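Trainee: My structure is below; once you've seen it, I'll send some questions.
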Amino acid sequence: MQLLDGVDLGYGGAPVLSGVRLHVAPGERVALLGRSGSGKSTLLSALHEAAAGRGMRIALVPQDAALVPQLSALRNVLMGRLDDHGAWRNLRTLIRPAAPDRAAALADLDRVGLTPQADARVESLSGGQRQRVALARALHRGGDLILGDEPLSAVDPRQAQELAALLRAAFPTAILALHDVAVARAFATRVIGLKQGVFLFDLPVDQLDASRIEALYG
């Protein structure tokens with residue numbers, strides 16, 4: 001699917017990325033690599049808008065996790081499906097979730113290892129735990145595509161690999177901005193390297209060699 005076709009992306013009239021063309025095939029897992037400020041977040045924002053415009057169901061994990069700190073982990077996970085229902089049903093779910101809804105959200109928290117923190121307020125959790133709540137919310141939502149902006153940056157390398165494998169199994173198509181090259185190698189089928197607003201490379205993950213990594217980060 002052609003998500004972007006020759007568009008300029010930026011803010012306030014200043015382009016961050018120019019002439020972007022991006023086709024993502026169903027079943028592809030794309031890792032966006034590059035230093036902070038290279039354009040990854042800008043690209044993800046445009047991809048989210050383009051995919052939503054095509055009517056795709058998207059699970060989104062923003063860089064700041066976009067959780068409600070005063071609510072419990074469980075209720076934040078339940079928010080992944082709020083747009084599936086009307087306002088009254090949603091209000092009831094957040095106040096007193098029905099047993100099947102609570103069970104489904106608990107199952108997704110269990111998948112990311114947070115069952116003991118289900119009823120804890122998000123503001124009391126560590127950065128890594130908050131990130132896992134955001135991932136559980138994405139799993140609870142489900143969809144055709146997951147978009148994530150550094151969704152594994154606050155967890156340790158072992159957890160990052162495990163959570164990446166979980167996302168790989170849960171979503172048919174994925175586009176994640178990642179900071180860890182090892183996680184990208186294990187997760188992705190394709191890698192895009194961005195440097196100072198330029199696509200430095202776009203290639204199958206098995207072609208990501210040391211020289212390209214040095215060119216990207218060196």
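Trainee: Around Leu22, which amide H atoms from residues at least 5 apart in sequence, or from another chain, sit under 5 Å from its own amide H, with H modelled in the peptide plane?
Mentor: The list, which skips near neighbours in sequence, is Leu3, Leu4, Asp5, Gly6.
Trainee: In the stretch 1-119, carbon and sulfur make up what percent of the accessible area (probe 1.4 Å)? List each step's numbers first, then the result.
Mentor: On the way: 3310 of 6230 Å².
Percent of accessible area from carbon and sulfur atoms in the stretch 1-119: 53.
Trainee: Further question on the same structure: What translational D, rounded to a whole number of µm²/s, comes out for the stretch 1-112 from Stokes-Einstein when the hydrodynamic radius is the Kirkwood one over Cα pairs, at 37 °C and 0.692 mPa s?
Mentor: On the way: Rh = 16.8 Å.
Diffusion coefficient, whole number: 196 µm²/s.
Trainee: Can you give me the angle between helix 127-141 and the longest principal axis of the chain, using Cα atoms only, in degrees from 0 to 90, rounded to the nearest 10?
Mentor: 80
Trainee: Any idea how far apart His179 and Arg158 come out in nm if each label point goes 7 Å out from Cα toward Cβ?
Mentor: About 2.1 nm separates the two model spin labels.
Trainee: Okay, moving on. Mind checking the log10 I(q)/I(0) for the stretch 66-171 at q = 0.15, 0.22 Å⁻¹? Debye, one equal scatterer per Cα, no solvent, two decimals.
Mentor: -0.57, -1.22
Trainee: Next up: What do you get for the angle between helix 99-111 and the principal long axis of the chain? Use alpha-carbon atoms, 0 to 90 degrees, nearest ten.
Mentor: The helix 99-111 is inclined about 40 degrees to the chain.
Trainee: Of Leu152, Ala210, Ala177, which is farthest towards the positive pole of the chain's charge dipole, taken about the Cα centre with +1 and -1 on the beta-carbons of Lys, Arg and Asp, Glu respectively?
Mentor: Of the candidates, Leu152 comes out farthest on the positive side.
Trainee: A further question follows. Calculate the FRET efficiency for Ile95 and Thr115 from the Cβ-Cβ distance with a Förster distance of 22 Å, rounded to the nearest 0.05. Could you put the intermediate results ahead of the total?
Mentor: Details: r = 22 Å, r/R0 = 0.98.
The formula returns an efficiency of 0.50 here.
Trainee: Report the relative contact order of the chain, percent, no decimals, based on alpha-carbon pairs under 8 angstrom and at least 6 residues apart.
Mentor: Details: 374 pairs, mean separation 64.0, N = 218.
Computed over the chain, the figure is 29 percent.
Trainee: So for the pair Val68, Gln196, with labels modelled 7 Å out along Cα→Cβ, what separation do we get in nm?
Mentor: Once both label points are built, they end up 4.5 nm from each other.
Trainee: Another question, if that's okay. Please report, to two decimal places, log10 I(q)/I(0) for the chain at q = 0.13, 0.14, 0.16 Å⁻¹ as given by the Debye formula with identical point scatterers on the Cα atoms and no solvent.
Mentor: Per q value, in the given order, log10 I(q)/I(0) is -0.75, -0.86, -1.08.
Trainee: Rounded, prolate or oblate: which fits the stretch 23-75, taking a ≥ b ≥ c as square roots of the Cα gyration tensor eigenvalues, rounded meaning a/c under 1.5, else prolate when a/b beats b/c? Could you put the intermediate results ahead of the total?
Mentor: Numbers: a/c = 2.18, a/b = 1.36, b/c = 1.60.
Cα axes put the stretch 23-75 in the oblate bin.
Trainee: By how many degrees, 0 to 90 and rounded to 10, does the Cα axis of helix 40-53 deviate from the longest principal axis of the chain?
Mentor: 70
Trainee: What fraction of the DSSP beta bridges in the chain is antiparallel, stated in percent and rounded to the nearest 5?
Mentor: Roughly 45 percent of the beta bridges in the chain run antiparallel, per DSSP.
Trainee: Which whole-percent values make up P(r) of the stretch 109-218 when all C-alpha to C-alpha distances are grouped in 10 Å steps starting at zero?
Mentor: 13, 43, 30, 12, 2
The values are calculated or read from the model by the stated rules, or taken from the named source; none is laboratory data. Owing to the predicted nature of the structure, the values given are computational and were not obtained by experimental measurement. Positions of Cβ are generated from backbone atoms using ideal geometry, with glycine treated the same way; all protein chains shown enter the neighbour counts. For the accessible areas, the whole protein counts, side chains as well, though only heavy atoms, and no ligand, DNA or RNA atoms are used. Shrake-Rupley method; radii C 1.70, N 1.55, O 1.52, S 1.80 Å.
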